[in-house]
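In what follows, a single structure is set out as structure tokens and then discussed.
The values are calculated or read from the model by the stated rules, or taken from the named source; none is laboratory data. What you are looking at is a predicted structure, and each value in this text was computed from that prediction instead of being measured. Cβ coordinates were reconstructed from backbone atoms using ideal geometry, including for glycine residues, and neighbour counts include every protein chain displayed.
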């Protein structure tokens, strides 16, 4: 179970595709769900994994660096000391 949770955290977009593909495959081979049930499960899985994806990929709005840190300015040779 822990491996599955790690996969969802590491690759939520792939996980969503895998879940939806598995539902489609199971349905094709006689799962017996109605179209409404399939749609509901796909929408729910997409919604849950969208929230997880957003949390993982959203950058930190206000990073805090310890005093004395030296930061390189991308695209230049400049370095800035935080103090």
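Spot the failing condition for residue 14; the list is (1) surrounded by 13 or more Cβ atoms within 10 Å (Cβ to Cβ); (2) under 14 Å from the mean Cα position of the chain (by Cα), and only one is missed.
Going through the list (1) surrounded by 13 or more Cβ atoms within 10 Å (Cβ to Cβ); (2) under 14 Å from the mean Cα position of the chain (by Cα), residue 14 breaks only (1).
Please verify whether residue 83 is part of a loop (DSSP other than H, G, I, E, B), exposed (fewer than 12 other Cβ atoms within 10 Å of the Cβ) and modelled with pLDDT of 85 or more, treating the condition exactly as stated.
no
What is the residue count in the stretch 39-75 for residues that are assigned to a loop (DSSP other than H, G, I, E, B) and closer than 30 Å to residue 23 by Cα?
Here the count works out to 1.
Being surrounded by 11 or more Cβ atoms within 10 Å (Cβ to Cβ) and over 30 Å from residue 82 (Cα atoms): is that true of residue 4 here?
Taking the combined requirement at face value, the residue does not satisfy it.
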